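What follows is a set of notes on a single structure, which appears directly below.
Bear in mind these aren't lab numbers, they're just calculated from the coordinates by the rules spelled out. All figures in this text were calculated on a predicted structure; none of them were measured in a lab. Neighbour counts run over all protein chains shown; Cβ positions are idealised from the backbone, glycine included.
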Amino acid sequence: RRKTGVGMSSIEEIYPISRADLDLVRAFPKGFLWGAATASYQIEGAIKEDGRGPSIWDEFSATPGKVFQGHTGEVATDHYHRVPEDIVLMKELGLSAYRFSIAWPRVLPQGRGAINAAGLDFYERLVDELLAHGIAPFVTLYHWDLPLSLHKVGGWTNRDTAYAFADYADIVTKRLGDRVANWITLNEPWCSAYLGYGCGIHAPGIQDRQAAFVAGHHLLLAHGLALPRMRANIKSVAQVGLSLNFTPTYASDEREETKRDTELTDLFVNQWFISPIAHGRYPEGLFEALEVTPPPMQDGDLELIGAPIDFLGVNNYTRDVIRGGTIPARPDESVKVGPVPGACYTEMGWEIHPQSFNELLLRLYHEYGMQALYITENGAAFKDTWNGDGVVHDPRRIAYIQEYLQAAAEAVEQGVPLRGYFTWSLLDNFEWAEGYSKRFGIVYVDYQTQRRIIKDSGHWYKALLSAHRDAS
Ligand SMILES: N=[N+]=NCCCCNC(=O)[C@@H]1[C@H]2[C@H](O)[C@@H](O)[C@H](O)[C@@H](CO)[C@@H]12
């Protein structure tokens, strides 16, 4: 379509959505929250500023060979110094909610004990600025940046860390519980436990399967111990949940060993954490399949862990297709096949498969009885290029989000109580072991200048959210 006048936006820029998009948004109920998600270590930078203590990711990313080209979160997207402009950006996009995480080492530099007032003040200003712009804060208390001092005494393999987390949760909710109505205790404890302590590709870089299950139990215990402390400090209408990552597993053929390996991988990847949360017990056969002994538990742990949550945060990006090995392969070594003929993949090598997202949502509702679900992360990394002006074309990210939202809309029509969707991520950011080489944002970050450029997907998302508001 042609320009509508010098300096004016083109019609396409104002309404870059299709008729199908308009039908899509109508599937989501009035009041459905539309947001974007980030995490402290991935966007803040300022890792030594205003009293912040070191985290395990400060140490891990500074360790040669751990992160792509030695990238670190030292500067990241410099969000710590750019909160006002980044919130204007969120407003410009029309977000009704914003999910971010609080850096434990900013609030408690040693992980416990002395509170760093400047750290709490930073998050109080962030929350107040969001509320002033009519954006609902969704606060994650732990998104992987464990205070280094706690790691020095065992980190998540030390049961005391669970108690330290509950104290940290108490401090934060005492300060912000009057204003923040949506709380997430942990982000993806599976990644913290297995990637951090099992295979070691994430901080603290330990390779010990037994340690991974001990850490996993203490992460769950941290969640369970924090729940009552948080509920005492937040408003009765406020809600508490946690965000779990799921990667649905599919058999690549009909052989018995393939079905067995697919089921065992599902146990390991998808059931390990949701089972204690939803059913108050670890899934049958998990420890045997991983050839570990059950982690040390005390009486009452599983009751604390299985206490009711108000919502489940669902993080999903892709699925895994499994081929059975001739011998029972341990599920952390299962054979993932790819590329699947006719399938499409993101820059992470993750298959784009919205159907498995739909089936996951149905499963979480029917098999785990979740009464409220938020998609707290979904998005894609593609090779985004910026040509120096205000435009970044990312059609594949638009298509990815469209397809996944279509799958979510079908789940809503099938009765799944889905309350909101947060795309990962608001900004391009520090993608853990991949450093800055992978871009997930609907907003491009030029790291040389820290300039933010809304990608086509950001303009599209804005129009979609506007259409939903109009249709509600
Ligand atoms: N096959 N396969 N596997 C896919 C497994 C995905 C596990 N990683 C995540 O979910 C992380 C989550 C994290 O919260 C965020 O901090 C990360 O930036 C995003 C993007 O990586 C996602």
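Each of Ala20 and Thr326 was given a label point 7 Å from its Cα along the Cα-to-Cβ line. The distance between the two points is 4.5 nm.
Short-range pairs are left out: with C-alpha atoms under 8 Å and at least six residues apart, the relative contact order of the chain is 18 percent.
Since only Pro339, Pro147, Tyr15 are under comparison, the one whose Cα sits farthest along the positive direction of the charge dipole of the chain, derived from C-beta charges on Lys, Arg, Asp and Glu, is Tyr15. Label positions at Glu256 and Trp350, each projected 7 Å from the Cα along the C-beta direction, are separated by 3.5 nm. Projecting the Cα positions of Leu465, Gly390, Leu360 onto the charge dipole of the range 358-472 (unit charges on Cβ atoms of Lys, Arg, Asp and Glu, taken about the Cα centre) puts Gly390 furthest along the positive direction. Here's the list of lysines a cross-link from Lys235 could span, going by alpha-carbon distance under 22 Å and ignoring same-chain residues fewer than 8 apart: Lys174. In plain terms, the chain from Gln298 to Val153 could stretch by 50.2 nm, reckoned as 0.36 nm per residue minus the Cα-Cα distance. Under a cut-off of 15 Å between alpha-carbon atoms, report the aspartates and glutamates in cross-link reach of Lys152, not counting same-chain residues fewer than 8 places apart. Cα-Cα hits under 15 Å: Asp58, Glu59, Asp160.
Stretching the chain fully between Ile201 and Glu74 yields a gain of 43.8 nm (0.36 nm per residue, less the alpha carbon separation).
When the label point is put 7 Å from the Cα of Val391 along its Cα-to-beta-carbon vector, which residues of the range 12-49 have a backbone N closer than 17 Å? Answer for the range 12-49: 12-17.
I'd like to verify something in the chain: which complete DSSP H helices, judged by Cα projection on the helix axis, reach 30 Å or more and average at least -0.5 on the Kyte-Doolittle scale? Result, helices passing both filters: 209-233.
Between Asp446 and Glu291, what is the FRET efficiency for a Förster distance of 45 Å, r being their Cβ-Cβ separation, to the nearest 0.05?
Details: r = 47 Å, r/R0 = 1.05.
The pair Asp446/Glu291 has a calculated efficiency of 0.45.
Relative to the Cα centre, the charge distribution of the range 1-159, modelled as +1 at Lys and Arg Cβ and -1 at Asp and Glu Cβ, gives a dipole magnitude of about 460 debye. Between Lys336 and Asp121, the contour length at 0.36 nm per residue exceeds the Cα-Cα span by 72.8 nm.
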